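Scroll down for the structure; my scribbles are underneath it.
FYI, it's all coordinate maths here, none of it is from the lab. Just so you know, these numbers come straight off a predicted model, no measurement behind them. Here the Cβ positions follow ideal geometry from the backbone for every residue, glycine too, while neighbour counts run over all protein chains shown.
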Amino acid sequence: MPETVFPVTLYEELLPKLVDVLELTQKTDGIANPQSKQKLLQATNTFKNAIAQAKEFSNNLRGGELTIEEQDDVIQLLETLRERKRAQLRDFASRTATTKTTGMLMDMELDSVASTPASS
């Protein structure tokens, strides 16, 4: 399996395999007979193997090599970026409010001029 491909199906198949195990344990006849025990054993082993593969893959993912200091630097960078974005949003919001207020004042001036009688 290439390192650049993430095996999504490996993780998608975990839940149905767990459901299989749970359904086998919840059947009304339980595991009273040897066939039921064998099915449960197979389903459990299949689930265990899938979990082991998923764990192995996740443990070998690249990108987890950052030291604590490097992680702190990344966090600081992201916090700085967040603050810049918030400042941009505040600036944008204040400009929008100013534009609306200016537009309303101009409308009122036009209305007051229109309602003023012409002087002779």
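Structure values in brief
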read-out	value
Sites Gln38 and Asn59, calculated FRET efficiency, Cβ-Cβ separation with R0 22 Å, nearest 0.05	0.10
Theoretical gain in end-to-end length, Asp29 to Leu14 [0.36 nm per residue, Cα-Cα removed]	2.9 nm
Calculated FRET efficiency for the pair Asp73/Lys48, C-beta based, R₀ 41 Å, to 0.05	0.55
